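The values are calculated or read from the model by the stated rules, or taken from the named source; none is laboratory data. Quick caveat, the model's predicted, so the values are computed rather than measured. FYI the Cβ positions are ideal-geometry reconstructions off the backbone, even for glycines, and counts take in every protein chain you see. Calculation scope for accessible area: heavy atoms of the full protein, side chains included, ligands and nucleic acids excluded. Shrake-Rupley method; radii C 1.70, N 1.55, O 1.52, S 1.80 Å.
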Amino acid sequence: MLLERLSSCLLSFLATSTGFEPTAPERNCRSRTANDNQAIMTTTQDKIAPEEFDLVVLGSGEGSKFLAWTLARQGKRVAVIERRWIGGSCPNIACLPSKNIIHSAKVASFFARAAEFGISSDGFEVRVGEVTNRKRKMVEGLVEIHLRNFKDSGVDLLLGHGQFVGPKTIQVDLADGTTRVVRGENVVIGTGTRARLDGIPGLAEAEPLTHIEGLELEELPEHLVVLGGGYVGLEFAQAMRRLGSRVTILERSSALLPREDRDAAAALENLLRDEGIELLLNSKIDQVSGLCGQTVRIAYSQGTESRAVDGTHLLVALGRTPNTSEIGLELAGVELTDLGYIKVNERLETTAPGVWAIGESAGSPQFTHIAYDDFRIVRDNLAGGNRVTTGRQVPLVLFTDPELARVGITETEATAKQIPYRLFKIPMASVLRTRTLSETSGFMKDLVEADDRILGFTVFGVDGGEIMSVVQVAMIAGLPYTALRDAILAHPTLAEGLTVLFSSTPQVEMQP
């Protein structure tokens, strides 16, 4: 199969030339010092004349690939360098694969609730290997689409490890064992991020799962322990619980999703507990022992008390770290921030002339839709425009079931900034469509400023992301909330709930 052939070729290359290990793809890279890079540059320049391109892109993620395809179709000579994931993490190991698994888990939850809908489903069985195969087939199809787009657009796709050997010049050690050196009039860096392993004693030795390995499970974990209560951890936790695992989440904060309003976080916590997920909040992880897939023990502290939890599998979801080391950025004149992200201005220009950075490696919010907007910013600026990242909307959706979606500011932010607002809030049960679906849990709320424009919207409910997008469009258009209140929206739909929301009496009126 196409994906298997490509993965086999790339894994073989990476294992021999970069120290890359297939079982832990995010966590192992051979270190090269600045002196090593300088030696490579000298040797390379002595032997190989750089090939000239209008644009060279390091990484083939969301923003990178669209920029490459767009400029190549305009007649530019474009090269894209990709080490492993053709099309980036979203179609291979992140957004789309995880939502595929999450949907299978939702189908399993419907089987478990079948009697509620008047259906008998006694004796159903979840086959995790087949759940994973369904995801793999989707990914293979997506990779084929990406390969076709690279070919049809005329992009020169270089599969291998790339690193800078000079200003705007990258050496590529190809999967077939050969080497090419490419130089671009403009260069874009889009190397993304990887799962972060905090310096917790014993954690690395336990060989924990990251989201990559979690999406490749062939057998159901008996007891999955999740470190971290952020987006990745929560989505995986609920999915694995619905597929049949016992699940425990350890979170260092006193609440899940501490950046969200307390009512949203509390509703999510109640949902997970109702589904049988153990939440260990305000927990500082002290030590990990054992081996993932066999037995693991996580020792943690809650205040002055020391505790421990045992499981069979361990998933690390403690945040992300940028893929900016060991790619010769110092030879390109590209500086990093204190956190290791590429230093960029509001136009996404780095400290090196003619070199740009895009997506998560540039410190942009870690959403695929933001990386796509980064593409539009760089595209327009390369064409002589002056597009910037400041002031843009950042919608977000947590794909638990129900979903938590938000755009604009929260109540907490409005209060901290002393922004006056009116708060409209209703339970999802007030939206009649939810009753036909037996999906009545949650709420939606909206902050409205004095001139009736919408400041921020949050929904915790079925298909919350779709509802949020309706409100976001109104915000983009600068419409007052009354435009949604008075709109004729089809019945019975979930979006119709916005009429109910904005026809309610404000629960809070925060004055200046």
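Just to confirm the number: angle between the C-alpha axis of helix 95-112 and the first principal axis of the chain, 0 to 90 degrees, nearest 10?
30 degrees
May I ask you to derive the FRET efficiency for N270 and V388 from their Cβ-Cβ distance with R0 = 60 Å, giving the value to the nearest 0.05?
Step by step, r from the Cβ atoms, then E = 0.90.
For the chain, give the percent of accessible area contributed by carbon and sulfur heavy atoms, probe 1.4 Å, rounded to a whole number.
About 51 percent, which is the carbon plus sulfur part of the accessible surface.
Work out, step by step, the length gained on full extension between A308 and R376: first 0.36 nm times the residue separation, then minus their alpha carbon distance; give nm to one decimal.
Gain on stretching A308 to R376: 19.7 nm.
Relative contact order for the chain: what is it in percent, counting Cα pairs under 8 Å that are at least 6 residues apart?
Numbers: 1046 pairs, mean separation 67.1, N = 512.
It rounds to 13 percent for the chain.
Magnitude of the Cβ-charge dipole of the chain, K/R +1 and D/E -1, about the Cα centre, nearest 20 debye?
Once rounded to the nearest 20, the dipole reads 640 debye.
For a Förster distance of 45 Å, can you work out the FRET efficiency between the beta-carbons of R246 and A49, rounded to the nearest 0.05?
0.15
For the chain, with equal point scatterers placed on the C-alpha atoms only and solvent neglected, what are the log10 I(q)/I(0) values from the Debye formula at q = 0.08, 0.10, 0.11 1/Å, to two decimals?
Ignoring solvent entirely, the Cα scatterers give -0.57, -0.89, -1.07.
Mind checking the alpha-carbon convex hull of segment 371-437 and giving the volume per residue in Å³?
Residue-normalised Cα hull volume stands at 155 Å³.
Between helix 231-243 and the chain, what is the angle of the helix's C-alpha long axis to the longest principal axis, kept within 0 to 90° and rounded to the nearest 10?
Its long axis makes an angle of about 70 degrees.
Using unit Cβ charges (K, R positive; D, E negative) and no other charged atoms, how large, in debye to the nearest 20, is the dipole of segment 236-299 about its Cα centre?
Numbers: 9 positive and 9 negative charges, 55 e Å.
Once rounded to the nearest 20, the dipole reads 260 debye.
By per-residue mean of other Cβ atoms within 10 Å, what is the highest-first order of 153-163, 135-145?
Ranking, from highest mean packing down: 153-163, 135-145.
Charges only on Cβ, +1 for Lys and Arg, -1 for Asp and Glu: so what's the dipole of segment 285-346 about the Cα centre, in debye to the nearest 20?
The calculation lands at about 280 debye.
For a 18 Å ceiling on Cα separation, which of these pairs sit above it: K65/K99; K106/K135; K168/K343?
Over 18 Å Cα-Cα: K65/K99.
Mind checking the per residue accessible area of the chain for me, 1.4 Å probe, whole number of Å²? Don't skip to the end; give the middle numbers.
Values: 22690 Å² over 512 residues.
Here the residues of the chain average 44 Å² of exposed surface.
Between segment 336-405 and segment 307-322, how far is it from one alpha carbon centroid to the other, in angstrom?
About 28 Å separates the Cα centre of segment 336-405 from the one of segment 307-322.
For helix 368-382, report the angle its Cα long axis makes with the longest principal axis of the Cα atoms of the chain; keep it between 0 and 90° and round to the nearest 10°.
50 degrees
Using a 10 Å cut-off on Cβ atoms, rank the peptides 75-82, 300-307, 371-378 from the highest mean neighbour count down.
With the highest mean Cβ count within 10 Å placed first, the list reads 371-378, 75-82, 300-307.
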